[in-house]
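Quick notes on the structure that follows.
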Amino acid sequence: MKKIIVYHDTETLARRSRTAGADENVTYRSIDQFDKKLNEGFDEVLDFSKPKIKTVKKKVKGNGV
């Protein structure tokens, strides 16, 4: 039995992104629950979460055209 843990932005999205196949035990978590120590007990760790993008506003001189 292969143990897999799936991370996504929310636990619901994690469940929708990957279903358990034959001889697989899949656990679903939100990315906020990411734990390296917990991950060591799994054969495969999948992360489908979107990277957090930091937006920066630039000051524009003139009319901005």
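The values are calculated or read from the model by the stated rules, or taken from the named source; none is laboratory data. Just so it is clear, the model here is predicted, and its values are computed rather than measured. In this analysis, Cβ positions are derived from the backbone assuming ideal geometry, glycine residues included, and neighbour counts consider all displayed protein chains.
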Matching residues in the range 3-23 - criterion: being over 12 Å from Val45 (Cβ atoms) and of a type outside the set (A, V, I, L, M, F, W, C): His8, Asp9, Thr10, Glu11, Thr12, Arg15, Arg16, Ser17, Thr19, Gly21, Asp23
In the range 17-32, residue surrounded by the fewest Cβ atoms within 10 Å (Cβ to Cβ) [restricted to those that are of a type outside the set (Asp, Glu) and in contact with a Lys or Arg (Cβ under 8 Å, 6 or more places away or on another chain)]: Asn25
Test: residue in the range 26-33 that is at pLDDT 90 or above, closer than 24 Å to Met1 by Cβ and either over 17 Å from the mean Cα position of the chain (by Cα) or part of a loop (DSSP other than H, G, I, E, B) (or both): no
Residues being surrounded by 12 or more Cβ atoms within 10 Å (Cβ to Cβ) and either out of contact with any Ser or Thr (no Cβ under 6 Å at 6 or more places or on another chain) or at pLDDT 95 or above (or both) - total across the range 34-57: 9
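In the range 1-20, how many residues are touching a residue at least 24 places away in the same chain (Cβ under 8 Å) and either of a type in the set (D, E, K, R) or not in a loop (DSSP other than H, G, I, E, B) (or both)?
Counting residues in the range 1-20 that are touching a residue at least 24 places away in the same chain (Cβ under 8 Å) and either of a type in the set (D, E, K, R) or not in a loop (DSSP other than H, G, I, E, B) (or both) gives 12.
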Subset tally (residues that are touching an Asp or Glu at 6+ places or on another chain (Cβ under 9 Å) and either in contact (Cβ under 8 Å) with a residue 60 or more places away in the chain or among the basic types (Lys, Arg) (or both)) for the range 24-42: 1
